[in-house]
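Only the coordinates and a few stated rules stand behind these numbers; no lab work does. What you see is a predicted model, and the numbers here were worked out from it, not measured in a lab. Reconstructed Cβ throughout: ideal geometry from the backbone, glycine too, with neighbour counts over all protein chains shown.
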Amino acid sequence: MESNLQTRRLEEIISNSTGPVLVSFYNETCEGGVCGVQNAYLDKLAHDLHGATARFEKIDLDQSPELVGKYQITTLPSALLFVDGEIHTRLSGLTDPGVLACTVLQQVEDSGALMASTGHLCPMPQVAA
C-alpha cells in the first residue's frame with residue numbers, strides 16, 4: 001500500500017529525532033471518548049515539557065490504516081514510545097497522565113530538572129542489591 005503523507009511524516013520524525021518520540025494512535029470513532037481524553041493528556045504533557053528533546057505526535061489511523069499492521073495496534077487508544085528509531089515502550093488503552101509523563105521523562109536527558117519544574121515525579125528504577 002502506498003504510504004500517505006501522515007505516515008511518511010511520522011516515519012521521518014521517528015528516524016530523525018534526537019530524543020524520544022511518543023506517538024498516540026486514535027481514530028475518529030474513538031476521538032469522542034477515551035482517545036480524546038488520552039490526546040488531551042498528550043497535549044498537556046507536550047506543553048509541560050516544552051523545550052525538552054521529546055516529541056509528541058497524534059496519528060489518526062483512519063488516515064493511515066497501514067500503521068495498524070505495521071505497529072500491531074490492537075487497542076485504541078495506544079501509545080508507542082520510540083527511542084533511537086525503535087519501539088521502546090508500548091502502552092495500550094487509556095493511560096494515566098503520570099505514566100505517560102514518566103515513560104517519556106525516563107528517556108530525556110536532564111529529566112530530574114524537568115520533573116522538578118513540571119511536577120511530574122517518577123519513581124526511580126530499583127537497583128538490585
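For every other residue with a beta carbon closer than 12 angstrom to the beta carbon of LEU81, add +1 if it is Lys or Arg and -1 if Asp or Glu, then tell me the sum. Mind dumping the intermediate values first?
Values: positive: ARG55, ARG90; negative: GLU57, ASP84, GLU86.
Charge balance near LEU81 sits at -1.
Taking the Cβ of GLU28 as the centre, find all other residues whose Cβ is under 10 Å away and add up their charges (Lys, Arg: +1; Asp, Glu: -1). Numbers along the way, then the final one.
Details: positive: none; negative: GLU31, ASP60, ASP62.
Taking every Cβ under 10 Å from that of GLU28, the sum is -3.
For region 5-117, what is the convex hull volume of its Cα atoms per residue in Å³?
Values: hull volume 10.3 nm³, N = 113.
Measuring per residue, one finds 91 Å³ for the Cα hull of region 5-117.
Between GLU66 and ASP96, the distance separating the two model label sites (each 7 Å from Cα on the Cα→Cβ line) works out to 3.8 nm.
Can you give the local net charge around ASP62? Use residues other than it whose beta-carbon is closer than 10 angstrom to its beta-carbon, Lys and Arg +1, Asp and Glu -1.
Details: positive: none; negative: GLU28, GLU31, ASP60.
My count for the surroundings of ASP62 gives -3.
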